[in-house]
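Participant: Mind looking over this structure? Questions follow.
The values are calculated or read from the model by the stated rules, or taken from the named source; none is laboratory data. Here the structure is a predicted model, which is why all the values come from computation and not from measurement. Cβ atoms come from the backbone with ideal geometry, glycine included; neighbour counts cover every protein chain shown.
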Amino acid sequence: MKYLRSASVVFVMVMSLVIAAAVSIQAESDADTAKRDDIRELLRIMKTREVIEQSLTQTVVNMKQAMPTVTVETWEKVLNEIDLDELVEMYVPIYDKYLTHEDIQGLIRFYQTDLGKRFMDVQPEINMEMMKVGQVWGQELGQKVMNEMGY
């Protein structure tokens with residue numbers, strides 16, 4: 001009888017731990033979902049999709065110049081197969097890895113301020129100018145390497 005009572009106590013304790021773990025896992029899952037939803041909201045506020053689209057457009061312009069033999073139809077086919085929403089979704093785990101939920105919420109609050117909105121308004125122009133500066137810099141570096149190699 002004493003053994004049965006001890007086994008019952010152990011059983012109740014084990015079940016309590018299992019239930020507590022399940023509740024904890026569900027709470028963590030809900031927290032993860034909320035964080036990931038907030039990351040998606042942050043990416044939307046930051047106009048991430050539009051920034052990617054702008055960068056892609058500039059990249060394609062450069063590639064067309066570098067590869068003039070590629071047909072217009074080929075470029076259109078490639079561009080039509082690109083799913084920018086899929087790419088943006090691939091950013092979610094990256095933000096999740098490096099930022100806390102509180103960080104994400106703070107950034108959302110920032111981008112909703114006048115300064116945050118102002119930054120978002122000028123960011124596309126900043127990105128374009130940085131890309132152009134980077135291209136010139138890369139070309140100059142490439143030329144230096146070619147000169148160093150004797151070409």
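Participant: Name the single residue, out of those in the range 100-130 being at pLDDT 95 or above and either aliphatic (A, V, I, L, M) or touching a strand residue (DSSP E or B) at 6+ places or on another chain (Cβ under 7 Å) (or both), that is surrounded by the most Cβ atoms within 10 Å (Cβ to Cβ).
Facilitator: Out of the qualifying residues, it is Ile104.
Participant: How many of the residues making up the range 106-151 are more than 19 Å from Arg49 (Cα to Cα), within 24 Å of the chain's Cα centre (by Cα) and not in a helix (DSSP H, G or I)?
Facilitator: Number of matching residues: 1.
Participant: Does at least one position in the range 67-76 carry a residue that is at pLDDT 90 or above and within 23 Å of Asp38 (Cα to Cα)?
Facilitator: The answer is no, given that none of the residues of the range 67-76 is at pLDDT 90 or above and within 23 Å of Asp38 (Cα to Cα).
Participant: Checking the condition farther than 30 Å from Thr113 by Cβ and surrounded by 13 or more Cβ atoms within 10 Å (Cβ to Cβ), which residue from Val92, Val60, Val72 passes? First the steps, then the outcome.
Facilitator: Working: Val92 fails: farther than 30 Å from Thr113 by Cβ; Val72 fails: surrounded by 13 or more Cβ atoms within 10 Å (Cβ to Cβ).
None of the other options fit; the residue is Val60.
Participant: Sticking with this structure for a sec: Return the pair list, or none, for Cβ contacts closer than 9 Å from residues in the range 37-51 that are closer than 12 Å to Gln105 by Cβ and at pLDDT 95 or above to residues that are among the polar types (S, T, N, Q) and assigned to a helix (DSSP H, G or I), at least 6 apart or on different chains.
Facilitator: Listed by first residue and then by second, the contacts come to Asp38/Gln105; Leu42/Thr48; Leu42/Gln105.
Participant: In the range 108-133, which residues are acidic (Asp, Glu) and closer than 28 Å to Lys35 by Cβ?
Facilitator: First, the residues of the range 108-133 that are acidic (Asp, Glu): 114, 121, 125, 129.
Matches in the range 108-133: Asp114, Asp121.
Participant: How many residues does the range 75-97 hold that are under 11 Å from the mean Cα position of the chain (by Cα) and without any contact (Cβ under 8 Å) to a residue 60 or more places away in the chain? Give the derivation first.
Facilitator: We begin by selecting, within the range 75-97, every residue under 11 Å from the mean Cα position of the chain (by Cα); these are 85-97.
If we keep only those that are without any contact (Cβ under 8 Å) to a residue 60 or more places away in the chain as well, we get 85-95, 97.
Counting residues in the range 75-97 that are under 11 Å from the mean Cα position of the chain (by Cα) and without any contact (Cβ under 8 Å) to a residue 60 or more places away in the chain gives 12.
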